[in-house]
Every structure is written in C-alpha cells, then in structure tokens.
Amino acid sequence: MEKINILGVEVDRVDMKQATENCINAIENNKKLFIVTPNSEIIVNAGENKTLFDIIRSADMVVPDGIGLVIASKMMKKPLKERVTGIDLMESLLKYCNEKGKSIFLLGAKQGIAQKAGEKIKEKYPNIRLAGTYHGYYKGIHSGAKGSYEEKEVIDMINESKPDILFVAFGSPKQEYFIDAYKDIIDAKVFIGVGGSLDVYSGTIERAPKFYQEHGLEWLYRLSKEPQRITRMGALPVFLTRVLLKKDKNKFSK
C-alpha cells in the first residue's frame, strides 16, 4: 500500500473500502492483520514514545482516523484519500461479519459496557457470532502488569472462542501495547484498537451527529460534552504547527 509520512509516522493512503477489503482478505485467507487507527494526538505521542512509534511502524495497516491527518496531508500536497475512523471501520466490518456469519470478540471499557455493546450489535446484526466480551479493568499489560494471571485468563478466553476479529477498546496507547504483545499467541485474524467505540455501541456515549462526522468536527462535539478533554486537544495545534514547519521526522525515525 502507498504510504504518506506524517511527522515521521507512515500512514497508509487507503479509503474505507480498501481498508475493509484488506481485513476481509485476512479473514478469508486465515492471516493475521494488525490495524492501528491514529489521530493527531497519537501521531504526536508516537514522536515522544518509542514503544508506540515502533508498534505503529510494525503494524500491518495504519489508517488515518483523525481529521488532523487529512488536513496535514493536504498541507503537504500529498492528500490522503479520506478519513478512516476506527468506529466507522468497525461498523463496516460488522456489516461484513453479519453477511458472512463471522465472529467477533469485544474487549475493553468499564465492566458491563462490552457486554451491552455486544447485545446492541446483535440486535442490529443478528447473524454475527458474538464470540465473547470482557471489560478492560483487569490487571494486564495495559495497566502495567504484563503476564498477570488475570490477563492469562482473558487470553485463554479469547483463544477458546476463536474470533475472526478482536476489537480492543483500551484507548491509545494501551490497546496497541496489548495487541502488539499478544497478537502472535491470540487465535484471531484481525486485531484493531477502537478506543471509545464500545461506549458508543453500548449507548453509554452518544456519537456526534452526522454533520460533525462529515465535517471532521467530532472532536468539537465531544469537547462540548466533555470539557475535561481540553488538555488532550492541545495535541492538535502542536501537530499542525509541526506539519507547517515541514517536520517530516521525529526523534525515532530515520
């Protein structure tokens, strides 16, 4: 796949159709596929966090989740095809799983959220096989306790269910740490970090209206609902300033 270098991080120039097809091909051909869905904040963090940078670099597909990446690509005169958000890619894959009777496992969020999200998904897509759900509030690599007994039980649970797709909703970079550490021993085909998507599917959080989605303003809608997110929004001006200054590298990239 063609890639574009954004602040030292290689992002694939894919649209939703291509990203979905890559996932389908992995499932149909029994191959593993690890997808990272970075936004501006994650790109900035990758420039300061070598572990995260190396994980993104090793991923099989890196899709442009944030509108900031699309804006940056246009500023660089190497426009990305479109924004491919984690939640929209998840929805596209759920449609495929419903059509083909494929299985999914939902991992992450607070207790009860993944289960409720699974129930809502089954209502909408009855032909999906819900392999299992589990919350993200257990001791594991994402909480600084890699290899804990509890984490082993979670991995065993996933392996017993053999899902086609594992959706991990720990937030970044925790979900990337988990997938990178265990993708080789977990019996699934597609691994994708989906941040707060389970909160949306469960109905706990309302997704931004279509207008905000279509104009890349979901961040503004979420900020209006959760003002405490303002500190996280500081990554966007830092990101765009570095792009304006034509920073095509970070301290970890060559």
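What the table shows:
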{"item": "Condition met for residue 125 (under 30 Å from residue 217 (Cα atoms), touching a residue at least 60 places away in the same chain (Cβ under 8 Å), open to solvent by less than 60 Å² (accessible area, probe 1.4 Å) and out of contact with any His (no Cβ under 6 Å at 6 or more places or on another chain))", "result": "no"}
{"item": "Unique residue being modelled with pLDDT of 95 or more, open to solvent by less than 60 Å² (accessible area, probe 1.4 Å) and among the small types (Gly, Ala, Ser) when the list is 101, 68", "result": "101"}
{"item": "Selected residue (criterion: farthest from residue 24 (Cα to Cα)) from residues of segment 146-158 that are surrounded by 15 or more Cβ atoms within 10 Å (Cβ to Cβ) and of a type outside the set (Ser, Thr, Tyr)", "result": "151"}
{"item": "Residue list for segment 16-47, filter: among the charged types (D, E, K, R), in contact (Cβ under 8 Å) with a residue 60 or more places away in the chain and surrounded by fewer than 19 Cβ atoms within 10 Å (Cβ to Cβ)", "result": "31, 32"}
{"item": "Flag for residue 137 being touching a residue at least 12 places away in the same chain (Cβ under 8 Å), part of a loop (DSSP other than H, G, I, E, B) and either out of contact with any Lys or Arg (no Cβ under 6 Å at 6 or more places or on another chain) or open to solvent by 30 Å² or more (accessible area, probe 1.4 Å) (or both)", "result": "yes"}
{"item": "Hits in segment 76-129 - residues which are within 28 Å of residue 14 (Cα to Cα) and among the acidic types (Asp, Glu)", "result": "82, 88, 91, 99"}
{"item": "Selected residue (criterion: least open to solvent (accessible area, probe 1.4 Å)) from residues of segment 168-222 that are free of Cβ contacts under 8 Å to residues at least 40 places away in the same chain, in contact with an Asp or Glu (Cβ under 6 Å, 6 or more places away or on another chain) and not in a helix (DSSP H, G or I)", "result": "208"}
{"item": "Test result for residue 110, under 20 Å from the mean Cα position of the chain (by Cα) and basic (Lys, Arg)", "result": "yes"}
{"item": "Close pairs (8 angstrom Cβ cut-off, 6 or more residues apart or separate chains): touching a residue at least 24 places away in the same chain (Cβ under 8 Å) and of a type outside the set (D, E, K, R) in segment 48-59, surrounded by fewer than 19 Cβ atoms within 10 Å (Cβ to Cβ) and assigned to a helix (DSSP H, G or I) anywhere", "result": "52/45"}
{"item": "Single condition residue 96 does not satisfy, out of (1) open to solvent by 10 Å² or more (accessible area, probe 1.4 Å); (2) in contact with a Phe, Trp or Tyr (Cβ under 9 Å, 6 or more places away or on another chain); (3) modelled with pLDDT of 95 or more", "result": "(2)"}
{"item": "Members of segment 54-65 found to be touching a Phe, Trp or Tyr at 6+ places or on another chain (Cβ under 6 Å) and open to solvent by 60 Å² or more (accessible area, probe 1.4 Å), listed by number", "result": "60"}
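The values are calculated or read from the model by the stated rules, or taken from the named source; none is laboratory data. No experiment lies behind these values; they were computed from the predicted model shown. For neighbour counting, all protein chains shown are included, and Cβ atoms are generated from backbone atoms with ideal geometry for every residue, glycine included. The protein model used for the area step is the full one, side chains on, heavy atoms only, and it has no ligands, DNA or RNA in it. Shrake-Rupley method; radii C 1.70, N 1.55, O 1.52, S 1.80 Å.
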